[in-house]
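Undergrad: If you scroll down you'll find the structure; I have some questions about it.
The values are calculated or read from the model by the stated rules, or taken from the named source; none is laboratory data. Everything numeric in this text was worked out from a predicted model, so none of it was measured. Using ideal geometry, Cβ is built from the backbone for each residue, glycine included, and neighbour counts are taken over all protein chains shown.
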Amino acid sequence: MIIIPALDLKEGRCVRLSQGRMDQESVYSENPVQIAKHWESKGAERLHVVDLNGAVTGKPFHRSLIKEITKSIHIPVEVGGGIRNLETVESYLSSGVEWVILGTVALQNRQLIEEACQRFLGRVILSIDAKEGRVAIQGWKEVVPTETVDLSKQFERIGLSAIIFTDV
């Protein structure tokens, strides 16, 4: 088993949201780079980073901060939140990120996930967020009728590195 600490980034800070609500946060640090180094010093083998602003807006918000985090530590980093096109996937992967995490786009653009898996073999993770068994998208703002199990089955055998499942 590998335990992966997570940094949820909102407006440049490490936060935790209450029930996924952007207006209900607890701030844990104003210095995400320092927190990344902390987790590495404690023996973390990987770091999970989520761009919460990106998840809500549909485009990267913390790209430069995430690049700074990846350059400051020696463990692999996986990043999600606001990744909706191949250009963003490639940009993150070429900047030092080991894996990109695609979530909302799974319902909006299956072809993107398939193409990303082909071009970046073993470096794409599918994230499925759920509320009461149904898929939650857009930073948990919208719940769609699709069952989480059904969605995960749609992506069998396309070359994903992993699936991250979060029950919110």
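Undergrad: In the set Lys10, Lys59, Lys42, Lys37, which member is charged (D, E, K, R) and either touching a Gly at 6+ places or on another chain (Cβ under 6 Å) or in contact (Cβ under 8 Å) with a residue 60 or more places away in the chain (or both)?
TA: Lys59
Undergrad: Also, I was wondering about something else. Those residues that are acidic (Asp, Glu) and modelled with pLDDT under 95, I need them from the stretch 20-55; list them, please.
TA: Asp23, Glu25, listed by residue number.
Undergrad: Considering every residue within the stretch 118-131, establish whether at least one is among the charged types (D, E, K, R) and without any contact (Cβ under 8 Å) to a residue 24 or more places away in the chain.
TA: Filtering the stretch 118-131 down to residues among the charged types (D, E, K, R) leaves 119, 123, 129, 131.
Now restrict to residues that are without any contact (Cβ under 8 Å) to a residue 24 or more places away in the chain: none.
Within the stretch 118-131, not a single residue is among the charged types (D, E, K, R) and without any contact (Cβ under 8 Å) to a residue 24 or more places away in the chain.
Undergrad: Turning to a different aspect of this structure: So if I check each of Ile113, Ile164, which one is at pLDDT 90 or above, farther than 13 Å from Arg84 by Cα and either outside any loop (DSSP other than H, G, I, E, B) or of a type outside the set (Gly, Ala, Ser) (or both)?
TA: That would be Ile164, the only listed residue that is at pLDDT 90 or above, farther than 13 Å from Arg84 by Cα and either outside any loop (DSSP other than H, G, I, E, B) or of a type outside the set (Gly, Ala, Ser) (or both).
Undergrad: Mind listing whichever residues of the stretch 69-82 are modelled with pLDDT of 95 or more and in contact with a helix residue (DSSP H, G or I) (Cβ under 6 Å, 6 or more places away or on another chain)? Explain how you work it out, then say what you get.
TA: So the first thing to find is which residues in the stretch 69-82 are modelled with pLDDT of 95 or more, and the list is 69-80.
Passing the criteria: Ile69, Ser72, Ile73, Ile75, Val77, Val79.
Undergrad: Counting only residues that are small (Gly, Ala, Ser) and in a helix (DSSP H, G or I), how many does the stretch 48-62 have?
TA: Residues that pass the stated criteria total 2.
Undergrad: Ok, one more. Could you give every pair whose Cβ atoms fall below 7 Å, whose first residue belongs to the stretch 143-168 and is farther than 20 Å from Lys131 by Cβ, and whose second residue is surrounded by fewer than 14 Cβ atoms within 10 Å (Cβ to Cβ), counting only separations of at least 6 or pairs across chains?
TA: As it stands, the answer is Gly159/Gln118; Gly159/Leu121; Ser161/Gly122, since those pairs meet every condition given.
Undergrad: Now for a separate question. All but one of (1) out of contact with any strand residue (DSSP E or B) (no Cβ under 7 Å at 6 or more places or on another chain); (2) surrounded by fewer than 16 Cβ atoms within 10 Å (Cβ to Cβ); (3) not polar (S, T, N, Q) hold for Val27; state the number of the condition that does not hold.
TA: (1)
Undergrad: If you go through the stretch 135-157, how many residues are assigned to a loop (DSSP other than H, G, I, E, B), under 19 Å from the mean Cα position of the chain (by Cα) and surrounded by fewer than 15 Cβ atoms within 10 Å (Cβ to Cβ)?
TA: 1
Undergrad: Regarding Gly54, is this residue out of contact with any Leu (no Cβ under 6 Å at 6 or more places or on another chain) and without any contact (Cβ under 8 Å) to a residue 24 or more places away in the chain?
TA: Criteria not met by Gly54.
Undergrad: Does Ile3 fit the bill of being out of contact with any Phe, Trp or Tyr (no Cβ under 9 Å at 6 or more places or on another chain) and part of a strand (DSSP E or B)?
TA: Criteria not met by Ile3.
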